[in-house]
Amino acid sequence: MGNEKLSKRNWFTICLFSLIGGVAWNVENMYFNTFMYNSVYAGTSQAVQAGTMAPTTAISRMVALSAIAAVLTTFVMGTLSDKLRNRKTFIAVGYILWGIITAMFGLITKENVAKLFSLSDDVKILTATVWFVIIMDIIMTIMGSMSNDAAFNAWVTDITTPKVRPLLETVLTIITFVSSGVVMGVGSFAQSGAIGYNIFFMIVGIVVSICGIAGLFLIKEPQTRAPKAAAASSYWSDLFYGFRPSSIKANSRLYLTFLCIGLSTIAFQVFFPFLLVYLQYVIIPENGGAQMFTSGVIITAVIVVLVLAAGVIALIKLAARKKALCIICAAILSSVGLFIVSTSTDIRILLIGIAPAVLGYLILTIQFNASIKDFIPKGKAGLFQGVRMIFVVMLPMVVGPFLGDLACRNSNITYMNEYGINTVVPSKSMFLYAAIVSVFVFIPLFFLIKKGFDVEKTEENKE
């Protein structure tokens, strides 16, 4: 188990790799989608688009397949990093390769794909380009999951204790939102066409690779060692450790927490992959375009930010005394907020609804992630990273975007682009689907609360 307090060096390393990893993941989760919509499908005729999959379907498939790749990679590499007891190499080298693959996205165009595969038919060119993007996304995900999901998360679990994890998860979640803001700020120039996607992807890729190089000097292997029985077990036995009925029974609170965070993340992923496209093609045009930032909208936005800040502080303080009550309040806020957003495309309603939705999701993420680290058995952090990824990544990113795509296609709202082509765009109904999913969090949460969150007391009793 790690020290009661983290060193300044470890704090810096955790924050750096969380920030840069968050930037890389957000580029994939947010701007690969707009890249597909605004660049890959741009300039193609209605007949060509009819000959292949719809843009929202392409996004849904890309998200789902990359999620499956992420889970498989985390299973294999998380277990391997446990056996080798070498997190550092997996993290540093993985970040370097992660950055290189991200930068390579800047080279993907329909013209380059047509030359690479000697294609002349427009339908085949578009289809090949779409699948080329999807395959490259899968390769990028493998690098990111090896370094960040498998090794980095296990390393953080190794060097921390239950006392420091609530603060740590709060910091990490804030960093996640900061990285989202950074990506949205820089990425907006690519989305608007002010800079090319090629430059955007190359800049991000270089930054990620530099972070990986820094990791070779910053990261120190934890002193934690797996129990002798675990060290003597075979790799293949460890690979499937998390699926054993005995493991699930012995760690029931861990798996209930997996279910809780899985359902809340599915709800988020129903709309998140389509969010920027929704803002670009629905919210902004329906609210006056560039003129939508009236004094009323700005005041509403400021109030939302203040409410979010105050709400985070209040709920974190509540969690220190009554964690179960804090989580219940957060789950209610998330569901109510998503329902409000689903009722209107008015920018003010969007801002009012997004405050409780984001606040609730933020607190749920902090508390569930801290509990996952608490409930993982000592010395087995890597063995459970793959199981965690099933609930945090694979299921949310397969089920969520599928439901979002279903909501968008059922609403059948289209946008006529500058080429005179009607293309399906996301609709507000995806938030209603998300709100419905979020209600199901209360089922596993009920049983988790009955079992309790006091991990330190449980560990003392076992010892």
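General observations
- The lone criterion from (1) in contact with a Leu (Cβ under 7 Å, 6 or more places away or on another chain); (2) closer than 21 Å to T34 by Cβ left unmet by G242 is number (2).
- Test for T102: is it modelled with pLDDT of 90 or more and farther than 19 Å from A42 by Cβ: yes
- Test: residue in the range 167-182 that is out of contact with any helix residue (DSSP H, G or I) (no Cβ under 6 Å at 6 or more places or on another chain), assigned to a helix (DSSP H, G or I) and not aliphatic (A, V, I, L, M): yes
- Pairs where the first residue, in the range 84-104, is in contact (Cβ under 8 Å) with a residue 40 or more places away in the chain and closer than 14 Å to F217 by Cα and the second is of a type in the set (A, V, I, L, M, F, W, C) and surrounded by fewer than 18 Cβ atoms within 10 Å (Cβ to Cβ), C-beta under 6 Å, 6+ apart: A92/L216
- Of the numbered criteria (1) in a helix (DSSP H, G or I); (2) surrounded by fewer than 19 Cβ atoms within 10 Å (Cβ to Cβ); (3) among the β-branched types (V, I, T), the one I327 fails is (2).
- The residue pairs whose first member lies in the range 143-166 and is modelled with pLDDT under 85, whose second member is of a type in the set (F, W, Y) and assigned to a helix (DSSP H, G or I), and whose beta carbons are closer than 8 Å, counting only pairs six or more residues apart or on different chains, are A150/F90.
Matching residues to (1) aromatic (F, W, Y); (2) touching a Phe, Trp or Tyr at 6+ places or on another chain (Cβ under 9 Å); (3) modelled with pLDDT of 85 or more:
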position: I219; (1), (2), (3): no, yes, yes
position: A226; (1), (2), (3): no, no, no
position: A230; (1), (2), (3): no, yes, no
position: S233; (1), (2), (3): no, yes, no
position: R244; (1), (2), (3): no, no, no
position: N251; (1), (2), (3): no, yes, yes
position: L256; (1), (2), (3): no, yes, yes
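- Qualifying position, being part of a helix (DSSP H, G or I), of a type outside the set (G, A, S) and either touching a His at 6+ places or on another chain (Cβ under 9 Å) or under 21 Å from T345 (Cβ atoms) (or both), among F268, F258: F268
- S237 meets all of the listed conditions (1) modelled with pLDDT of 80 or more; (2) assigned to a helix (DSSP H, G or I) but one, namely (1).
- For the range 338-352, filtered to residues that are in a helix (DSSP H, G or I) and touching a residue at least 60 places away in the same chain (Cβ under 8 Å), the residue that is farthest from M430 (Cα to Cα) is I347.
- Applying the set (1) touching a residue at least 24 places away in the same chain (Cβ under 8 Å); (2) over 17 Å from I175 (Cα atoms) to V27 leaves exactly one unmet item: (2).
- Among the residues of the range 372-407, those that are touching a Phe, Trp or Tyr at 6+ places or on another chain (Cβ under 6 Å) and either part of a loop (DSSP other than H, G, I, E, B) or surrounded by 24 or more Cβ atoms within 10 Å (Cβ to Cβ) (or both) comprise I376, L383, G386, G404.
- Only one of F132, F75, F117 that is over 23 Å from L218 (Cα atoms), more than 25 Å from the chain's Cα centre (by Cα) and aromatic (F, W, Y): F117
- If you go through the range 407-431 and keep only what is more than 20 Å from the chain's Cα centre (by Cα) and at pLDDT 75 or above, you end up with A407, C408, R409, N410, S411, V425, S427, K428, S429.
- Against the criterion of being aliphatic (A, V, I, L, M), crowded, with 22+ Cβ neighbours inside 10 Å and in contact with a helix residue (DSSP H, G or I) (Cβ under 9 Å, 6 or more places away or on another chain), I91 qualifies.
- Of the residues examined, V178 is one that is surrounded by fewer than 16 Cβ atoms within 10 Å (Cβ to Cβ), among the aliphatic types (A, V, I, L, M), in contact (Cβ under 8 Å) with a residue 24 or more places away in the chain and within 28 Å of I316 (Cβ to Cβ).
The values are calculated or read from the model by the stated rules, or taken from the named source; none is laboratory data. Model, not experiment: these values are computed from the prediction. No Cβ is skipped: glycine too gets one built from the backbone with ideal geometry, and neighbour counts run over all protein chains shown.
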